[in-house]
Amino acid sequence: MTEQQTPAPMNRVATRMSRAIRDEITGLILNRGLRSGDPLPTETELVEALGVSRNSIREALKALQALDIVEIRHGYGTYVGRLSLDPLADGLTFRALHDIGRDLRSMEEILEVREALEAALIRRVAATVPEEDLAALDEVTRRMAERARAGATFADEDREFHEILYRSLNNALVTQLLRAFWDVFHRVNHRLGVTDPNPAQTVRRHRAIVTALRKHDVAKAEHAMVEHFRNLDARIEQIRAT
């Protein structure tokens, strides 16, 4: 029997063992209260502490690195990772691109989740948004308008707009989650060569959000946000037509 013909039960045992080692390492991080950037024990120390082979430790660390739980700095050691949602964005991007050949449901689902999240968040922001954030949003939309008039894209400004929009909530998970959804959509657009079909309208819809926020009008802010997502629906239709 060749290595490629390893019996399924043996593969399952190896998978369970690998998962158990990963759980041990993450448990160590939690039990010691290690923070992002803190060093982990050396490979030798982990081998001795967990009673497994060096190769098993290395495989477990590689798997955790893919999840941004640890960071392997060759020649320096292993550290607690950034604990970001980048792996989520990578997985969703691949899923969307993989499914586009058959249908666009994955992209539509991502937009549905993002729209539901932002429509709920904008209601919270509308009542309490600080003046300094309104001023920052004005500045971003001004730059968006300048770039639109010049025939340039403004993806960076669009991302900045949405990050400023919710920063008064002081919720790092909201920022990371929205950034992940934003990254997925724009990576897919870039991969397929899809652009905003109406940049001037996109700018107007961003301005409408700011106008509603300045009046602290919760209902209008939510409506403006929903209208903003119609621009994204138009890009889905572009993808459908490719």
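The values are calculated or read from the model by the stated rules, or taken from the named source; none is laboratory data. Small disclaimer: the values here were computed from a predicted structure and weren't measured. Don't worry about glycine lacking a Cβ; one is built from the backbone with ideal geometry, like all the others, and counts go over all protein chains shown.
Table for the structure above
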| item | result |
| --- | --- |
| 3 or more residues modelled with pLDDT of 95 or more and under 30 Å from R187 (Cβ atoms): qualifying helices (runs of 4 or more DSSP H) within region 1-103 | 8-31, 54-66 |
| Residue check for D183: over 30 Å from R82 (Cα atoms) and either touching a residue at least 40 places away in the same chain (Cβ under 8 Å) or hydrophobic (A, V, I, L, M, F, W, C) (or both) | no |
| Given (1) surrounded by 17 or more Cβ atoms within 10 Å (Cβ to Cβ); (2) farther than 28 Å from P197 by Cβ; (3) not acidic (D, E), number of the condition A127 does not satisfy | (1) |
| Evaluation of E163 against (1) crowded, with 19+ Cβ neighbours inside 10 Å; (2) closer than 27 Å to F94 by Cβ (one fails), failing number | (1) |
| Qualifying residue in region 194-202 (condition: part of a helix (DSSP H, G or I) and either modelled with pLDDT of 95 or more or crowded, with 17+ Cβ neighbours inside 10 Å (or both)) | yes |
| Any hit, region 117-124, residues being surrounded by fewer than 18 Cβ atoms within 10 Å (Cβ to Cβ), touching a residue at least 60 places away in the same chain (Cβ under 8 Å), within 15 Å of the chain's Cα centre (by Cα) and in the same structural domain as H162 (by TED's automatic domain parsing) | yes |
| Selection from region 149-163 of residues that are part of a helix (DSSP H, G or I) and closer than 16 Å to H228 by Cα | A155, E157, D158, R159, E160, F161, H162, E163 |
| N171 vs. criteria surrounded by fewer than 17 Cβ atoms within 10 Å (Cβ to Cβ), free of Cβ contacts under 8 Å to residues at least 60 places away in the same chain, over 21 Å from M144 (Cα atoms) and in the same structural domain as D99 (by TED's automatic domain parsing) | yes |
| Tally of residues being over 20 Å from A126 (Cβ atoms) and of a type in the set (V, I, T) across region 165-190 | 2 |
| Out of L61, L85, L34, sole residue that is farther than 25 Å from F181 by Cα, surrounded by 14 or more Cβ atoms within 10 Å (Cβ to Cβ) and touching a residue at least 40 places away in the same chain (Cβ under 8 Å) | L34 |
